[in-house]
Structure formats: C-alpha cells, structure tokens
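Notes for the one structure printed next.
None of the figures in this text is laboratory data; all of them are computed from the coordinates on show. Nothing here was measured: the structure is a model prediction, and the numbers come from that model. FYI the Cβ positions are ideal-geometry reconstructions off the backbone, even for glycines, and counts take in every protein chain you see.
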Amino acid sequence: MPYAFVKFAHVGSMFLATALAIGPSILLYLVTRNGSTDTIRRTFGHTTAVFRAGGAFYGLGLMFGFITAANGSIGFSAPWLVAAYVLVLVLIGFNFGFERWTHRVTGAVAIETGSELAAVLRSRRPLVALAGMISTTLLLVFVMVVKPSF
C-alpha cells in the first residue's frame with residue numbers, strides 16, 4: 001500500500017476514534033448534570049454501541065500506524081514512538097475508567113434508588129477521566145507531530 005494512503009488511514013482512523021470517544025463522553029457527562037432519570041436512561045442506552053465504534057476505530061488506527069511505521073522506514077523503537085505507545089495505553093485506561101462510570105450510571109438509573117443514583121451522578125470520576133482523555137490526546141498529537149527526540 002502506498003505510504004501516503006496508509007498514513008491518511010492511520011490519522012483518519014485515530015481522528016474518528018477520538019471523536020467517538022471524547023465527544024459522546026462530554027455529552028453523557030453533561031446529560032447526568034440535568035438529573036432527569038428518563039433523559040439519562042434514553043441517552044445512556046446508546047453508550048455501548050458508540051464506545052464499540054470508537055474502539056474499532058482505535059484498533060484500525062493502531063493497525064494503520066504500525067503499517068505506516070513499517071512502510072515509512074520509521075524504527076519501532078524511536079523515542080517519540082515509544083512515548084506514543086505509552087500514551088495510547090494511558091488513554092485506553094482513561095477510556096475504560098469513563099466507560100465503567102457509564103455502566104454504574106446505567107445500573108443506578110435502572111434500580112432508581114435515590115442515594116445510589118445521587119452518589120454516581122456526583123462522582124468526580126467522569127470529570128477526571130474526561131480531563132485525562134483530553135490531555136492525553138493532546139499529548140499524543142504533540143508527540144506524533146513534533147516527534148521530540150527526548
């Protein structure tokens with residue numbers, strides 16, 4: 001495959017993955033601030049499908065990234081690329097943390113016990129996960145564009 005196409009597929013896949021991870025996550029967080037159990041129930045009913053689509057694009061992005069590195073004579077152990085590997089693992093951790101919170105919200109809304117639901121909705125976990133997702137994504141973009149030599 002031509003290098004330019006594979007590089008485009010890598011960047012495009014990662015862009016879509018980020019859009020499907022961060023955009024909906026911000027929306028879900030804001031929906032919980034409303035406090036309406038009906039709105040939360042309807043909105044959170046779609047989280048699994050959206051997060052799976054995002055995960056699929058992350059997987060494609062990683063695959064195309066490895067192909068790009070192999071086709072572009074980039075050493076897999078280049079310091080900036082190793083930093084990117086670590087940042088991707090950190091990003092996955094933040095994504096899983098946010099997704100666990102969405103499952104807790106869904107469970108709390110299903111049983112509708114006031115104290116459990118209130119505790120889940122007041123949790124700082126989603127805000128920490130969102131801040132982590134956003135800052136890690138920005139660090140990844142920096143590392144991939146600047147390619148620092150550490």
Subject >> Boolean, Val141 is part of a helix (DSSP H, G or I), farther than 19 Å from Gly54 by Cα and aliphatic (A, V, I, L, M) >> reply: no
Restricting segment 13-22 to residues that are more than 9 Å from the chain's Cα centre (by Cα) and not aliphatic (A, V, I, L, M), the one nearest to Val141 (Cα to Cα) turns out to be Phe15
Expected output for segment 71-93 (first residue acidic (Asp, Glu), partner surrounded by 13 or more Cβ atoms within 10 Å (Cβ to Cβ) and not in a helix (DSSP H, G or I), Cβ below 8 Å, 6+ apart or cross-chain) is none
Filter segment 111-150 for residues that are of a type in the set (Gly, Ala, Ser) and touching a residue at least 24 places away in the same chain (Cβ under 8 Å); the one that is surrounded by the most Cβ atoms within 10 Å (Cβ to Cβ) is Ala129
Of (1) assigned to a helix (DSSP H, G or I); (2) of a type in the set (Ser, Thr, Tyr); (3) loosely packed, with under 14 Cβ neighbours inside 10 Å, Ser77 fails just (1)
Only unsatisfied item for Phe44, checking (1) more than 18 Å from Leu140 (Cβ to Cβ); (2) exposed (fewer than 14 other Cβ atoms within 10 Å of the Cβ); (3) aromatic (Phe, Trp, Tyr), is (2)
Log entry, pairs with first residue in segment 26-51 being assigned to a loop (DSSP other than H, G, I, E, B), second being hydrophobic (A, V, I, L, M, F, W, C), beta carbons closer than 8 Å, six or more apart or on different chains, reads Gly35/Leu121
| message | Looking at segment 116-125, can you tell me whether even one residue there is in contact with a Leu (Cβ under 9 Å, 6 or more places away or on another chain) and in a helix (DSSP H, G or I)? | response | no
